[in-house]
1. Helix-only mean residue ellipticity at 222 nm, the chain, DSSP H runs n ≥ 4 weighted -39,500 (n - 2.57), per residue, nearest 500. What is it?
2. If I take R0 = 22 Å and measure r between the Cβ atoms of Asp35 and Asp306 in this structure, what FRET efficiency does the formula 1/(1 + (r/R0)^6) give, to the nearest 0.05?
3. Nearest 0.05, what FRET efficiency do Leu10 and Ala524 give at R0 = 41 Å with Cβ-Cβ as r?
4. Got the relative contact order for the chain handy, in percent, Cα pairs under 8 Å and 6 or more residues apart?
5. Can you work out the FRET efficiency for the pair Leu156 and Thr434, with r the C-beta to C-beta distance and R0 = 22 Å, to the nearest 0.05?
6. Using the 10 angstrom Cβ neighbour count as an exposure proxy, how do Ile355, Ile125 rank, fewest first?
7. Could you check the spin-label model distance between Ala472 and Arg19? Points 7 Å from the Cα along Cα→Cβ, value in nm.
8. Can you list the residues, at least 5 places off or on another chain, whose amide H is less than 5 Å from the amide H of Arg19, using H built in the peptide plane?
Amino acid sequence: MDTGLIPAPLVVEGVGSGRFALDADTVLWAAPGTDGTGRWLCSTLGAALGLPLRPGPQDAPRAVRLFLDGALGPEAYRLDVGDGGVEIRGGDAAGVFWGAQTLRQLLGPDAFRRAPVRPREAYEIEHVIIEDAPRFRWRGLMLDVSRHFMPKEGVLRYLDLLAAHKLNVFHFHLTDDQGWRVQIERYPKLTETGSWRARTKFGHRASPLWEEKPHGGFYTQDDIREIVAYAAERHIAVVPEIDIPGHSQAAIAAYPELGNTDVVDTASLTVWDNWGVSENVLAPTDDTLRFYEGVFEELLELFPADPGRFPEFSGFFHIGGDECPKGQWRKSAAAQARIRELGLADEDELQSWFIRHFDTWLSARGRRLIGWDEILEGGLAPGAAVSSWRGYQGGVTAARAGHDVVMCPEQHVYLDYRQAAGEDEPVPIAYVRTLEDVYRFEPVPPQLTEAEARHVLGTQANVWTEVMEDPARVDYQAFPRLAALAEVAWSRLPAPGERDFAGFERRMDAHYGRLDALGVAYRAPTGPRPWQRRPGVLGRPVEGAPPKV
């Protein structure tokens, strides 16, 4: 039975030709522990369909019933639609919620709107039994709000889009050379100065074009609390990222003493208005360590660990750790003295010392450090995890060393990369990564043993926003490829390598209607629409196939 569901469920069984009508008489019964999904059904599904979904008894003849079922695994669910109504059983509260998301898909595109679009007395659902459970624990999206700021309402919208695709991790890239996006009360200049830049490069670095107006924005601490709570209600964990010791020019512009003051006039620095990797990195001083400890102390309160809701990866804190130029450290007498004082071999070991300091600091507070795969250089504490972005090798190395891994190799799941080779593709970046390319991505490196493969927590797509000047451009780059990544992360394969892209495309025909109802400005299968093009704006296309990973 083809239900057009994305991601594809494990088992779908038709139970005859009957239909259940969801109408004004349908009531909602939620067992203890499922009340969050009950509220979501009333506020979201009820509003879209114009149905009250009033509370009613469990034995009502026409009801949507929600249960917890200990026989099912974490995040697993069973959805049963029959003459008596709809029954959703989940192995935990998250499983019940994912079952409700499947019910929403079965109801058609109208269920994805915010209000009814046509008067209807009932919405019919075919009798069906669906049994489902995720393949991976970590199913995520990394969104860069530093290069181009996304206001809070846009972030909340993306959390809803993640939930609609059964993605459960939001990796929140909050700081970089081009902007600092989170309020830190003890260091107000981080947002007063560091959250905006005077102008912005339009296109990639080769582009001669500039947008000659200030760009910026930041989230207040209450904004962050709201985002985290909104995500938790949708069973999405938020993993903040504060990038150190590189990608830090915005912080240095706000507090010049954080930089290598003996080799550069840090007082003259501004938030960077270009793309790439800035040479201005943090100075390896005790004062810098204390400064970022203060930043992290406030952020640990804003992003609390929640082992009850997210037992597998509660308390992760991403510290970046990637692409740190060493030129200033080589020229800095203070940095060289620090190397000698610590008995380090060179600047690479100095960066490792910096990372290990915060690895220890976070571990002492019950948190887990995660960083890009460069943090492997120099060794990590046992609890630290790795985001493998430079291909598979970082993930392989980490897993073999006993570290947990999130697989996000740029060659497969960097959604800023162009989707086709055509000249109409807006601001083309790097290699072509089509919808099919993303769909055929396999997160578990084949060279890992079964025991090593258990360290692969899952996968995520990464959206870097240098050339995404507004939410519509983010939509265009993310969708429909994020739907493909969602299926890679959720759906189990019949056998290794057996992905049915033709079947996925058929189900996407239905899913495009859902995305339309949600207002997602996705890339159509026929290519960019006229208003999605950026004629004359240079990107950074790379000819040929991506390197082997």
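Just so it is clear, none of the values below were taken in a lab; they were calculated from the coordinates. All of these numbers come straight from a predicted model, not from anything done at the bench. Counting neighbours? That spans all protein chains shown, and the Cβs are built from the backbone with ideal geometry, glycine included.
1. Taken over the chain, the calculation gives -8500 deg cm²/dmol.
2. 0.80
3. 0.85
4. 15
5. The value I calculate is 0.15.
6. Going from least to most buried by this count: Ile125, Ile355.
7. 3.7
8. Residues meeting the criterion, in which the H sits 1.01 Å from N, are His127.
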